[in-house]
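In what follows, a single structure is set out as structure tokens and then discussed.
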Amino acid sequence: MLTVENIHVYYGAIHAIKGISFEVNEGEIVALIGANGAGKSTTLKTISGIMHPRSGKISFLGEDITHTDGYKLPAKGLAQVPEGRRIFLQMTVMENLEMGAYVQKKPPQSDFENVFEHFPRLKERRSQIAGTLSGGEQQMLAMGRALMSRPKLLMLDEPSMGLAPILVEEIFKIIQEFHAAGTTILLVEQNAEMALQIADRAYVLESGAIALSGTGKELAESDEIKKAYLGG
Ligand SMILES: Nc1ncnc2c1ncn2[C@@H]1O[C@H](COP(=O)(O)OP(=O)(O)O)[C@@H](O)[C@H]1O
Ligand SMILES: [Mg+2]
């Protein structure tokens with residue numbers, strides 16, 4: 001579904017991504033894990049067209065999207081929940097969801113109902129100003145907004161960041177629900193333990209390159225990973 005081939009990405013003179021290649025097959029949950037600064041967000045931003053690689057190739061559903069502008073990608077079935085949520089703080093929950101559906105003229109009621117099925121709390125708060133939601137609710141809104149574009153591939157950048165453990169459990173449960181409903185998932189996480197539990201396959205990023213890859217289970221059991229990312 002998604003193929004990333006030997007991409008190199010720079011911030012000016014800083015060589016942030018140094019020849020990364022990986023793929024996501026339809027129906028998978030794939031995790032990208034790694035320490036702070038490893039290049040996880042840069043990789044997602046490059047796939048979603050916010051940045052472009054200096055060399056290498058990115059294909060989605062057989063189409064070369066290496067230089068496609070980011071705003072065109074949701075209509076092709078590729079959606080991202082960015083790091084730090086980036087919801088519209090002054091708008092209501094409903095208005096935020098409508099923004100997620102901007103690829104259609106007017107979203108059908110069933111799209112809102114679909115979001116509210118996964119996130120009953122958003123339904124209760126649909127008229128509330130997003131900036132007054134709790135951190136967990138804002139994460140749910142960011143995920144609900146992405147769902148409004150009916151993505152085939154949903155990319156999530158550290159959805160567990162800053163959330164209490166019970167909310168992290170809830171967010172991961174909802175990611176699995178999305179997956180069960182037919183959405184392919186590319187999950188970026190510093191929380192390697194949780195990510196490896198739900199991932200079919202995972203890649204470990206270190207200093208802008210892939211250091212290790214394997215099934216979620218293989219990596220969760222690897223001594224190297226345990227030492228570096230799972231607290232021994
Ligand atoms: N806007 C930026 N300008 C310059 N360097 C950046 C910028 N954003 C990230 N970087 C650098 O790129 C590298 C990868 O960052 P990032 O992709 O955010 O890592 P991660 O998401 O894994 O924490 C880091 O060395 C970081 O300092
Ligand atoms: Mg990041």
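Here are a few things to note about the model shown:
- Part-to-part distance (alpha-carbon centres) for the range 24-78 and the range 114-137, which is given in Å: 28
- Computed log₁₀ I(q)/I(0) - Debye formula, equal Cα scatterers, no solvent, the range 68-189, q 0.10, 0.19, 0.23 Å⁻¹: -0.26, -1.02, -1.57
- Pair-distance profile P(r), taking every C-alpha pair of the range 1-101, with 10 angstrom steps and integer %: 14, 43, 31, 11, 0
- Where only C-alpha atoms are counted, convex hull volume of the range 148-232 per residue in Å³: 112
- Contour excess over end-to-end distance, with Cα ends at residue 72 and residue 6 and 0.36 nm allotted per residue: 21.5 nm
- Value of Rg to Rh for the range 54-132, rounded to two decimals, is 1.05; Kirkwood radius and Rg both from alpha-carbon coordinates.
- Diffusion coefficient of the chain by Stokes-Einstein, Kirkwood radius over Cα pairs, 4 °C, 1.567 mPa s: 72 µm²/s.
- Lys-Lys pairs in the chain that are eight or more residues apart or on separate chains and whose Cα atoms lie under 18 Å of each other come to 19.
- For residue 128 and residue 15, the FRET efficiency from 1/(1 + (r/R0)^6), where r spans their Cβ atoms and R0 equals 35 Å, is about 0.20.
- Calculated P(r) tail over 16 Å for the range 1-50, as whole % of Cα pairs: 41
Taken together, the values in this text are just the output of simple stated rules run on the coordinates, not laboratory data. Remember, predicted model here, so these are calculated numbers, not experimental data. So basically every Cβ, Gly included, is an ideal-geometry build from the backbone, and we count neighbours across all protein chains shown.
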